[in-house]
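Have a look at the structure below, then the notes.
Computed from the coordinates by the stated procedures, all read-outs in this text should not be read as laboratory data. Quantities reported herein were computed from a predicted structural model and do not represent experimental measurements. Neighbour counts are summed over all protein chains in view; Cβ atoms, including those assigned to glycine, are modelled from backbone coordinates with ideal geometry.
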Amino acid sequence: MTEMLNMKEMERKLQKADRKHSRLYLICNFIALTIISAFSALMCSRTVQTVFPEGGDSRKQMYAIFVMTLAGCVVFTVYAVGLFFRHKSRQLGVLMAIGASRRMLLPGLFREVFFLSSFSAAAGILAGFPFVGIIWGLFRLLLVDSSEMVLSLDFRCLFISGAFFLLVVGSACLTAWRYLKKTNIMDVIREEHINEPVRELGRWCGPAGFLLILAGGVMGYYAPLMWMTIFSAYPPFWLSVLYVPVFVGLYMVMLHTVVHGWKIQKKNRYKNIISRGMMKFQGRQTVNNMLVITLLIAGAAFAIFYLPVGSLSSLLGYRAYTCDYFYQYRADQKIPGKEAVVELAEQYHLSLKDWSEAEYITLGAGGEGDVSDKDGHFHMEYEVLQREVRVISEDAWYTLTGQQAEVLPGTYWYITNAQETNIYTYEDAKDLTNMVTRSRIDTEFAGYLHYDLMVDEIGYFVLDNEEYKMMAQGLTDDWRGRIVQFNADGKDSYPFASAFYRLFVNSFDESCEQSCTYDRVVKIRENERGKTYWMDTERGDKYKISFDQTDSMAFKMWWVYRPSFRILLINDYLRMTGVLYMMFLFVFIVCLTTALVICNTRCRTIALNNRYVFDDLKKLGAPPAFLAREVGRQCSGVFVTPSLVGMITIYLLFSGILYANDGRITSYEVIALGVCLGILVLVGVVVYFVYRSTVKTIRRQLAAFSS
Amino acid sequence: MLYVKNLYKSYQVGKVKYPVLKGIDFHVAQGEFVAVMGPSGSGKTTLLNCISCYIPFDGGSIMVGGVKLAGQDEETLAKIRNTKLGFVFQDFMLLDGLSIRENILVPRIVQGEVGRDAEQLAERLADMFGIGHIMDKYPADVSGGEKQRAAVARSLINSPMVILADEPTGNLDSKSSRIVIETFIEAKEKMEATIFMVTHDSFAASFCDRVILLKDGTIYRQVEKEGSQREFQDKLLDAIREMSA
């Protein structure tokens, strides 16, 4: 006799029988929530928040990739709940057909989906923390460890995971409600067998998609420039809408790829008819998934490219420095002189050589700047006190570099690096001002000199000796300074460099506790106009550096008097930037894993939906090799196209960014792009292995179904 | 028992409206076994789905045991489906997670608690239809014919006024088809069940008391049973040939 005597027990029994589908749903939710929980935990952690400069590009990029991952996970979970209900619908439909009212089914169904969604989501959130802890621990153990790498979580990240939790549970309950609201019971019963309606997709779709991508890219990129030129105003935020055709185009290209493919089969036009035929019924849902996968692969590529592009040019640049030690300081600071430094070096059994010193002065330089008008427009205006610059004489230039510079009176030369990639180029100064006496001379840009060590945010001008003397007259010590450089005689000593760094930094007084963003000339100009310099307001707080954190990345990167000690820069680079790069490495792992999980799930769904087709083909005499090829074709579309599109797009984007920075690709950047290409090949290999494994699993499942 | 009056139903595909049923009128008396036949697209299944309250209809009226279906709320329609109607589908529609016994009892479970009387009735029905030995098996473990007989038993568990069957032999071989039809006849004779069946199969229809022939959404002709089953089948085939011409 049956033990099942009421509705509740029957539902429990049916749920138990459905556990295969429930498990798939649980796993999908769990993975999505684990990823978002781990990502948000790391992103919001004090470790990352302290290191990533507020308002900086790296932080914006991190947020952008997070949004991409979040979008991917949202689509994935919505897809998972849809899949769950596709299987569930027959059961619901049968019960409705034999007289179960919606009111009767509602509590059981809600109980089930609420339990499944909330349990999997909560478990995913909880799993995210050990996940991030393990990955971060492995990074520290295997790659880089420093005091800054200590993981300190901020549990405010739970707001993000919590919001996602609500979304998962909400979308599950909403889908349940949507199914029960259907008035046509036959639709509910047949839901599992309903495919997309076949609508003929024109062959124009793909080419038109490419045109849209091109048009959107050009419009999106140039529209802000045109807006500024035409209206003399900053472009409004909504102008980014012009990028939308890129995404529409991408969708169309992918749709064309899965439905038609790009190969023209003149010899055998029936070659791909089976796989293309299957896709006609699920092309759009497959493409939706593929777009998400593309986004995630692009996010992974963007994150991983950050490592070589960011680190290689810095490390190669440090190696190319012509001096081991280079620093500058204000004349009013009591910095250890040559004797003290030599003495310190001896303590570390190091002798020094090639010591050279030169004087510099700080002046106000004129230049073009955009001035905001009240109506949101702006106009370009020449300001006499546009910025602060450091100025050296022809003789000082010779002392430091051994190079002659023929500087004519009334002109200045600007010092840039050998690759001429310095993003701060001041060619527009027409006058220079002594900030103490306010004497002023007219000047004109004459050209570039090259010396990597003298490239920073403030910049150096070289003046004619006589003109330099004239401008230096009357300057107080806080507007004067010295530049010192020397080499280690023999093998350099890291302990010495480290000790000297501490000695050097500790010799400055509080008036030098400034970041390189702080411009003393602009501050005077603004104060004289009765205004408060923006760096002295709350806006400037985020750019402040502190003598309490002289080992922090922010201090070492943004302190206005930061020294260039080559051995320190090279050795400390990974330690200093460890959090930054490890965060991006983590993002890479998370995005790639999510993309591959979605690829795998999608392929299995396609195979599951088409299992009868495969079975029929087998019955019609298709050999195993033919079936294996068809499964492979189905899966390759899902794996290959998004991977290629995502990786190539980001590769081109990075190449474009590197080119746009300074109008050229430098030798360092060529090496970095080469490394990126190597990484892409490795990612391709990983994708290929997952693809092979997916095909194998599907073939096994189809064989089990047939038998 | 079942009255259908001036029934209209159309489907909207995009902007185009396709009329499927164009004023259908008929009635089925208690204990009568009626079949509906017609070519594909004639509206057979749509008619059955309207009577089953699975899909709403545009106009006309359907009455089951004196209750009008039009204008009823969801709750009442569900109750009608559960108590006044029994269903047999082409693809059986048994729930895979439940045993055959549990599947037969599902309409009772939907009503609430299942008592001993319901279990005994399920046993009796199973014995009557020759599936007593598979009561504890699951749908995946039994043949198509056995599944369909279980579905017929399920349709009778609440002693409905009308059993609605949609192509009940469509997925079965001839031997199983015959057994299922005999099951219906047994239900009609022993339980005075009223059966309304949609079918393509003239052999299955030849066991009925009356056959309604549908063509393009209207009743083309109704054929009453006369003579033996074989003679009735011949008569039906002639009528179908005439309709096709």
- Shape metrics for the range A:1-194, restricted to C-alpha atoms - Rg then Dmax, Å: 21.0, 71
- Item | Most to least packed among A:40-48, B:37-45 [average Cβ atoms within 10 Å] | A:40-48, B:37-45
- Task: Report, in deg cm²/dmol and to the nearest 500, the calculated mean residue ellipticity at 222 nm for chain B, where each DSSP H run with n ≥ 4 adds -39500 (n - 2.57) and the sum is divided by the residue count.
- Result: -12000 deg cm²/dmol
- So which GluC sites (Glu not before Pro) in the range A:483-529 pass both tests, a DSSP loop state and at most 14 other Cβ atoms within 10 Å of the Cβ? none
- Item | Peptides B:18-28, A:582-592, A:290-300 ordered by average Cβ neighbours within 10 Å, highest first | A:290-300, A:582-592, B:18-28
- Note on the structure: Given Cβ charges of +1 for Lys and Arg and -1 for Asp and Glu, the option among A:139, B:133, A:126 whose Cα lies farthest towards the positive end of the dipole of the protein assembly as shown is B:133
- Note on the structure: Note on chain A: helices (DSSP H) long enough, at least 20 Å by alpha carbon along their axis, and hydrophobic enough, mean Kyte-Doolittle at least -0.5, are A:19-44, A:57-97, A:102-142, A:158-181, A:205-231, A:244-259, A:283-319, A:566-609, A:624-662, A:667-706
- Among A:182/B:15; B:79/B:215; A:469/A:531, which pairs are too far apart, with a Cα-Cα distance over 26 Å? B:79/B:215; A:469/A:531
- Between the DSSP loop rule and a limit of at most 16 other Cβ atoms within 10 Å, which GluC sites (Glu not before Pro) in the range B:102-196 are left? B:113, B:192
- Item | Normalised contact order of chain B, rounded percent, pairs of Cα under 8 Å and 6 or more residues apart | 27
- Task: Filter the GluC sites (Glu not before Pro) in the range A:348-391 to those in DSSP coil with at most 16 other Cβ atoms within 10 Å of their Cβ, and list the result.
- Result: none
- Query: So, with +1 on the Cβ of K and R and -1 on the Cβ of D and E, and no other charges, what is the size of the charge dipole of the range A:1-194 about its Cα centre, to the nearest 20 debye?
  - Reply: 780
- Message: Give the separation of the Cα centroids, the range B:1-34 to the range B:182-245, in Å.
- Response: 18
- Item | Within straight-line cross-link reach of residue A:542, lysines at Cα separation under 16 Å, skipping those fewer than 8 residues along the same chain | A:60, A:556
- Shielding by other protein chains, B:90-99, mean Cβ within 10 Å: 5
- Message: For the range A:13-43 and the range A:386-426, what is the centre-to-centre distance using only Cα atoms, to the nearest Å?
- Response: 61
- Message: With 51 Å as the cut-off, how large is the P(r) tail for the protein assembly as shown, expressed as percent of Cα-Cα pairs?
- Response: 42
- Item | Inverse mean reciprocal Cα-Cα distance (Kirkwood Rh) of the range A:413-533, Å | 17.4
- In the range A:338-480, what is the volume of the convex hull around the alpha carbon atoms, normalised per residue and reported in Å³? 154
- Can you give the relative contact order of the range A:202-259 as a percent, counting alpha carbon pairs under 8 Å and 6+ residues apart? 55
- Given q = 0.23 Å⁻¹, what are the Debye log10 I(q)/I(0) values for the range A:202-259, with equal point scatterers placed on the Cα positions and solvent ignored? -0.78
- Query: Taking Cα centroids, how far is the range A:106-175 from the range A:608-632 in Å?
  - Reply: 39
- Using Cα pairs closer than 8 Å and at least 6 residues apart in sequence, work out the relative contact order for chain A, in percent. 17
